[in-house]
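Everything below concerns the one structure shown next.
The values are calculated or read from the model by the stated rules, or taken from the named source; none is laboratory data. Source: prediction; values computed, not measured. In this analysis, Cβ positions are derived from the backbone assuming ideal geometry, glycine residues included, and neighbour counts consider all displayed protein chains.
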Amino acid sequence: MEPGARIEELAERLTALRAAYYDGAPLVADADYDALEDELRGLIEAHPDLTPDPNPLDQVGAPSELHAPVRHARPMLSLEKATKPEQVAAFFDRFPGQPVVVMPKLDGLSLSLVFENGRLARAVTRGDGTTGDDVTPLVRALVDGIPDRIEVLDRVEVRGEAVMLRSTFTAYNTAHPDKPLINPRNAAAGTLRAKDPATVAERRLRFFGFDLDAPADHTALDLEDGLRGLGFTGATMTHCVDATQAQAAITAVETSRAALDYDLDGAVLRLADRDAYAAAGTRSNSPRGALAFKFAAEEKTTLLREVVWDVGKTGKIVPVAWLEPVFVGGTTVTKATLANQEVIRARDIKIGDTVLVRRAGDVIPFVAGVLDAAARTGAEVDIVAPTTCPSCGQPVTEEGNSRELFCTNVSCPAQTVRRLIHWASRAAADIDAVGQKWIERLAEAGILENPSDFYTLTKEQLLEFDRVGEVSATRMIESIDASRQVGLRRALIGLAIPMASEGTAARLGRAGFASLEEIADAGEDRLVEVDDIGPKVAASLAAHLTRLRPELERLRAHGVSLDVRPEDLPPVVAAGAPLAGKTVVITGAIADPRSGEKVARPTFQRLCEKAGATAASSVSANTDMLITGAGVGEAKLTKAEKLGVQVVDQGEIWPLLIEANIV
């Protein structure tokens with residue numbers, strides 16, 4: 001296609017996509033939109049005489065007709081984009097000696113909040129960058145993180161991002177499976193475009209500040225201090241003096257991405273001094289004093305080619321989407337989960353649809369929905385659930401409101417293999433030298449059927465298989481031998497009993513049971529006496545351990561320990577325990593300050609317990625201390641702040657542990 005025709009086509013396409021995006025109903029994933037925008041930018045740079053009028057690259061957003069338009073006192077601009085370390089270094093070179101803050105680039109809806117006489121006077125969306133929509137009633141009713149009043153009576157403008165927290169998004173979709181939201185960003189945009197706050201009352205949003213325009217004699221010149229002084233929570237900011245520090249901060253933000261309670265698509269570098277930021281000025285559509293470093297996309301659109309129903313270790317049958325390969329979240333994705341029948345129905349997903357695929361960190365990719373159902377051709381095919389197990393052919397049962405499917409045949413081949421893989425996993429027996437592919441081959445050959453069969457394997461048997469040499473066979477046998485010391489807690493995890501979580505196994509290990517056999521003999525009445533074990537979990541444990549009694553005997557006969565191990569028991573509290581009587585919650589990535597090496601959270605939790613603490617999984621009114629590591633989630637911090645819980649950096653805890661000879 002000729003450059004002029006392609007430029008015109010891209011300009012029209014981007015204008016339409018932008019309008020749909022700011023209407024809360026995007027037609028493509030953000031990464032796909034960015035690719036089109038980059039193509040247009042490249043063509044215009046090569047052919048400046050063919051620049052379209054209007055040029056969508058000069059636009060920042062799109063005003064809505066749902067609310068009264070308000071002109072911004074100063075434009076709300078987009079940010080210059082960077083993807084390479086050299087661009088970060090160039091940013092610092094432009095402003096030598098100036099401190100820079102690095103913060104997460106939140107993926108929500110930008111807002112301008114104007115305060116007059118200490119009260120919120122107007123809340124306005126970014127709109128097209130010049131004019132936005134007045135959403136003051138919606139913000140007052142639905143957005144947390146905005147103080148009722150500030151102590152500055154002069155005009156103050158705070159800019160920031162309104163986001164729907166992932167926890168809020170999940171809770172809403174759980175409560176409304178018939179009309180799920182497609183992703184948190186769209187949900188935030190749609191919420192602030194509602195005509196009546198009452199219709200979206202369950203969709204709470206959270207505001208994080210990233211810009212401040214206020215009299216210097218009333219507020220700090222440092223951006224973070226200025227926002228905090230007014231009562232606002234800013235996106236977590238790291239102060240950096242050079243490009244090396246900034247790149248490390250960017251990497252830390254990206255590493256913590258999956259653990260956060262909000263979506264983000266990059267990191268923002270911004271001059272920390274507000275006067276310096278203002279003095280840096282602007283380009284046509286971006287401020288000079290800020291830069292957006294973009295991360296690998298967590299959302300992409302692709303074609304749903306087929307749906308396969310997969311049988312898990314407990315017999316649960318789940319739909320798996322086979323996709324046209326797409327690079328998302330830093331890896332090429334070919335498969336994604338569809339959850340269950342009700343999710344498919346509620347999101348109206350069909351084979352042949354172009355779907356939105358999400359992947360965050362190590363989370364399993366999932367199909368969030370169909371972005372543009374109007375683009376269907378009629379060749380799409382409904383997804384039909386099986387009536388018999390895809391593996392063994394036995395009839396399936398439906399359970400729960402989500403109509404989840406189960407195969408109840410415990411001899412089902414697919415279940416057998418998945419249970420063996422689970423027994424060998426790190427959380428259970430940790431047979432790391434025998435991978436999934438080998439387990440599948442050994443099961444197919446009839447050598448493995450139950451966990452106890454691992455312990456009858458010989459090196460001679462393994463050497464009979466193709467591509468198995470002396471060294472690898474020896475490693476497999478040694479790995480299996482080491483797993484014989486699995487113990488009560490990890491063996492119970494490895495047996496994959498429905499409703500019995502890792503937490504259940506830990507509680508039983510600390511409740512005085514000496515062995516798995518003792519748990520099997522306990523009966524439901526005694527099991528429900530254990531903290532946080534209810535009647536359903538107790539019934540599942542009793543029934544399955546009774547059925548598994550012959551397997552427990554076989555494991556014992558092969559020298560596998562099913563007894564409680566020291567690490568399964570309550571810790572011995574150190575003399576003069578520095579955290580005695582404290583209930584603590586641990587969040588973020590933990591590292592030993594003496595070596596800089598990462599420390600697994602359960603290991604650090606065990607150390608805190610030896611220091612006298614009681615560890616909890618979530619912040620509540622009973623929590624005394626929230627211990628934070630790197631990449632801490634805002635949700636727990638916010639809750640701790642509301643409940644008056646003390647927030648302590650892990651760096652303050654390690655000296656206590658060292659002094660008490662706990663580490």
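Assorted remarks:
- Residues of the stretch 16-56 satisfying the condition of being within 30 Å of residue 331 (Cα to Cα), in contact with a helix residue (DSSP H, G or I) (Cβ under 7 Å, 6 or more places away or on another chain) and either modelled with pLDDT of 80 or more or assigned by TED's automatic domain parsing to the domain that holds residue 303 (or both): 17, 33, 36, 37, 39, 40, 41, 43
- One residue from 97, 127 being on the phi > 0 side of the Ramachandran plot, surrounded by fewer than 20 Cβ atoms within 10 Å (Cβ to Cβ) and in a loop (DSSP other than H, G, I, E, B): 97
- Test: residue 368 is touching a residue at least 60 places away in the same chain (Cβ under 8 Å), within 22 Å of residue 178 (Cβ to Cβ), assigned to a loop (DSSP other than H, G, I, E, B) and not polar (S, T, N, Q): no
- Residue check for residue 234: touching a Ser or Thr at 6+ places or on another chain (Cβ under 6 Å) and of a type outside the set (Ser, Thr, Tyr): no
- Of the criteria (1) surrounded by fewer than 16 Cβ atoms within 10 Å (Cβ to Cβ); (2) without any contact (Cβ under 8 Å) to a residue 24 or more places away in the chain, which one residue 220 fails: (1)
- The number of residues in the stretch 279-291 that are in contact with a helix residue (DSSP H, G or I) (Cβ under 9 Å, 6 or more places away or on another chain) and part of a helix (DSSP H, G or I) comes to 1.
- Residues that are closer than 16 Å to residue 173 by Cα and of a type in the set (S, T, N, Q), drawn from the stretch 338-360: 340, 341
- Residue within the stretch 292-315 that is under 30 Å from residue 406 (Cβ atoms), outside any strand (DSSP E or B) and among the aliphatic types (A, V, I, L, M) present: no
- Considering residues of the stretch 100-124 that are part of a strand (DSSP E or B) and in contact with a Lys or Arg (Cβ under 6 Å, 6 or more places away or on another chain) only, the residue nearest to residue 240 (Cα to Cα): 101
- The stretch 215-239, residues that are in a loop (DSSP other than H, G, I, E, B) and modelled with pLDDT under 90: 215, 216, 217, 218, 219, 220, 221, 233, 235, 236, 237
- Considering the stretch 374-387, the residues that are of a type outside the set (D, E, K, R) and over 18 Å from residue 342 (Cα atoms) include one that is surrounded by the most Cβ atoms within 10 Å (Cβ to Cβ), namely 375.
- Enumerated strands (runs of 3 or more DSSP E) restricted to the stretch 557-634, each holding at least 3 residues that are among the hydrophobic types (A, V, I, L, M, F, W, C): 583-587, 625-628
- The test for being more than 21 Å from the chain's Cα centre (by Cα), crowded, with 17+ Cβ neighbours inside 10 Å and not assigned by TED's automatic domain parsing to the domain that holds residue 488 holds for residue 612.
- Residue, surrounded by the fewest Cβ atoms within 10 Å (Cβ to Cβ), within the stretch 429-479, restricted to residues that are assigned to a helix (DSSP H, G or I) and acidic (Asp, Glu): 460
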